[in-house]
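Chemist: Dumping the structure here so I can ask a few things about it.
The values are calculated or read from the model by the stated rules, or taken from the named source; none is laboratory data. Not measured: the values here are computed from a predicted model. Backbone-built Cβ (ideal geometry, glycine too); neighbour counts: all protein chains shown.
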Amino acid sequence: MKLKKDCRYFRGDVPCKPHKIKGVHCDNCSDYLPTSGNILIIKLGAIGDVIRTTPLLTKLKKEFPSTKIWWLTLTPEILPDEVDRKLGFTLQSIITLRAIKFNLLINLDKDLEACSLAKQISARKKRGFTLKNGICEPINSDAKGKFLTGLFDDLSKSNQKSYLEEIFEICGYKFNGEKYILPKNNLTDKNWNFAKNKKVIGLNTGCGGRWISRLWSDANWITTAKELQKLGYEVLLLGGEQEDLKNKNIAKKSGAKYFGNYNLQKFISLVDKCDLVITAVTMAMHITIGLNKKIILFNNIFNKNEFELYGLGKIIEPNVKCDCYFSPSCKNNCMQHITAKKVIDEVKNLLPKK
């Protein structure tokens with residue numbers, strides 16, 4: 001038997017997908033897809049950070065259609081089918097990657113462990129960030145801009161490029177509106193209990209535990225939920241385990257729907273039922289954009305130019321000056337200068353009932 005080891009489906013350690021489905025062998029398989037070479041993306045990051053990096057796949061697939069794409073991350077479950085080998089950040093994965101010579105390695109993280117791996121793993125060409133004398137260092141000149149904005153707040157504040165423009169530039173490309181790519185199997189058919197013929201507004205009330213400076217008050221969420229329901233919208237509360245008690249309280253006081261907190265797959269399915277989502281900069285924000293939903297994005301501590309909304313919505317910021325840039329907490333509580341009325345007016349503009 002002649003084994004076609006260059007096939008995109010060939011694994012070597014387990015049966016390939018065409019064999020499991022059709023029972024075919026290499027010498028009589030019509031699904032044979034020859035490949036040449038490998039590309040590695042290192043983007044460990046949080047789920048949202050990984051999602052907003054997926055537009056690169058469109059460019060890489062176009063330029064290197066026969067190359068296998070590997071991706072090392074803390075959250076491989078969010079990677080789409082366009083990635084051939086999805087690897088979690090484990091010792092087993094690291095051992096495997098160090099035994100391969102890649103055509104191209106792209107490291108977009110500046111963490112020590114990511115930069116260390118970028119230095120250790122063999123590749124003909126490398127882009128992004130590496131480690132030098134125990135410190136993060138840009139590999140190529142196109143990575144210097146992103147490197148410097150991470151060091152100095154004044155340069156970060158003056159930056160006019162979106163995150164996507166920056167990472168495409170690091171890789172030697174120009175960003176042309178390539179979209180986020182979510183896993184196609186994450187949309188479940190769960191029968192969520194929504195009113196018929198009403199547009200659904202999702203209120204993502206949390207912001208994680210690190211940057212609590214982004215929190216909007218429960219009172220504002222309650223007011224917004226009540227007013228939107230009066231206007232005839234269906235209102236749905238979104239969040240994870242950390243927001244469970246918070247959302248139960250808001251639901252009780254506002255009458256908004258809250259179904260509980262779910263695993264990632266069901267959470268994506270729930271967001272997919274929304275017509276518009278109101279959120280801070282969180283995983284839910286990136287899922288909303290990935291699902292091509294309307295969005296109202298709260299921002300107070302980041303450079304708003306960083307975010308690419310693809311024309312789907314509006315960024316709302318406090319109308320006061322504050323010094324909480326990239327700060328985990330805000331002594332001025334500046335988020336409370338965003339009023340419920342301003343948010344509701346923006347909902348009516350973005351998602352009119354008729």
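One line per residue, one yes/no per condition, for (1) at pLDDT 90 or above; (2) under 16 Å from Trp211 (Cβ atoms); (3) aliphatic (A, V, I, L, M):
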position	(1), (2), (3)
Val320	yes, no, yes
Ser327	yes, yes, no
Ala340	yes, no, yes
Lys348	yes, no, no
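Chemist: A follow-up question, please. When you go through (1) under 24 Å from the mean Cα position of the chain (by Cα); (2) surrounded by fewer than 21 Cβ atoms within 10 Å (Cβ to Cβ); (3) more than 29 Å from Lys4 (Cβ to Cβ); (4) not β-branched (Val, Ile, Thr) one by one for Lys43, which number turns out not to apply?
Modeler: (2)
Chemist: Inspect segment 66-84 for any residue being in contact with a Pro (Cβ under 9 Å, 6 or more places away or on another chain) and assigned to a helix (DSSP H, G or I) and give the result as yes or no.
Modeler: Yes: one or more hits.
Chemist: In segment 141-156, what count of residues is obtained for those that are buried (at least 16 other Cβ atoms within 10 Å of the Cβ) and either in contact with a Gly (Cβ under 8 Å, 6 or more places away or on another chain) or aromatic (Phe, Trp, Tyr) (or both)?
Modeler: 4
Chemist: Quick one: which residue in Ile289, Ile268, Ile344, Ile250 is modelled with pLDDT of 95 or more and within 16 Å of the chain's Cα centre (by Cα)?
Modeler: Ile289
Chemist: Moving on to the next point. Applying the selection to segment 111-140, what residues are closer than 21 Å to Ile69 by Cβ, touching a helix residue (DSSP H, G or I) at 6+ places or on another chain (Cβ under 7 Å) and assigned to a strand (DSSP E or B)?
Modeler: Hits for segment 111-140 are Lys126, Arg127, Gly128, Phe129, Thr130.
Chemist: Can you tell me how many residues in segment 306-328 are more than 20 Å from Ala46 (Cα to Cα) and among the polar types (S, T, N, Q)?
Modeler: Qualifying residue count for the region: 1.
Chemist: Oh, and also: Quick check on this structure: which one of Ala284, Ala219, Ala280 is of a type in the set (A, V, I, L, M, F, W, C) and more than 21 Å from Thr75 (Cβ to Cβ)?
Modeler: Of the residues listed, the single one that is of a type in the set (A, V, I, L, M, F, W, C) and more than 21 Å from Thr75 (Cβ to Cβ) is Ala219.
Chemist: Considering every residue within segment 185-194, establish whether at least one is modelled with pLDDT of 95 or more and either among the acidic types (Asp, Glu) or part of a loop (DSSP other than H, G, I, E, B) (or both).
Modeler: No, there is no match, as no residue in segment 185-194 is modelled with pLDDT of 95 or more and either among the acidic types (Asp, Glu) or part of a loop (DSSP other than H, G, I, E, B) (or both).
Chemist: Select, from Tyr9, Tyr32, the only residue that is in contact (Cβ under 8 Å) with a residue 24 or more places away in the chain and out of contact with any strand residue (DSSP E or B) (no Cβ under 6 Å at 6 or more places or on another chain).
Modeler: After ruling out the rest, the residue left standing is Tyr9.
Chemist: Sticking with this structure for a sec: Is it the case that Ile181 is surrounded by 19 or more Cβ atoms within 10 Å (Cβ to Cβ), at pLDDT 95 or above and either assigned to a loop (DSSP other than H, G, I, E, B) or over 21 Å from the mean Cα position of the chain (by Cα) (or both)?
Modeler: yes
Chemist: With assigned to a loop (DSSP other than H, G, I, E, B), surrounded by fewer than 16 Cβ atoms within 10 Å (Cβ to Cβ), in the same structural domain as Pro328 (by TED's automatic domain parsing) and modelled with pLDDT under 95 as the only criterion, which of Gly260, Gly206 stands out?
Modeler: Gly260
Chemist: Hey, another quick one. Among (1) surrounded by 18 or more Cβ atoms within 10 Å (Cβ to Cβ); (2) touching a residue at least 24 places away in the same chain (Cβ under 8 Å), which single condition is Leu297 missing?
Modeler: Going through the list (1) surrounded by 18 or more Cβ atoms within 10 Å (Cβ to Cβ); (2) touching a residue at least 24 places away in the same chain (Cβ under 8 Å), Leu297 breaks only (2).
Chemist: Out of all the residues in segment 224-241, is one or more of a type in the set (S, T, N, Q), in contact with a strand residue (DSSP E or B) (Cβ under 8 Å, 6 or more places away or on another chain), surrounded by 13 or more Cβ atoms within 10 Å (Cβ to Cβ) and assigned to a helix (DSSP H, G or I)?
Modeler: Yes, segment 224-241 contains at least one residue that is of a type in the set (S, T, N, Q), in contact with a strand residue (DSSP E or B) (Cβ under 8 Å, 6 or more places away or on another chain), surrounded by 13 or more Cβ atoms within 10 Å (Cβ to Cβ) and assigned to a helix (DSSP H, G or I).
Chemist: OK, next. For segment 102-148, enumerate the residues that are touching a residue at least 60 places away in the same chain (Cβ under 8 Å) and among the charged types (D, E, K, R).
Modeler: Listed by number, the residues that qualify are Asp109, Asp111, Glu113.
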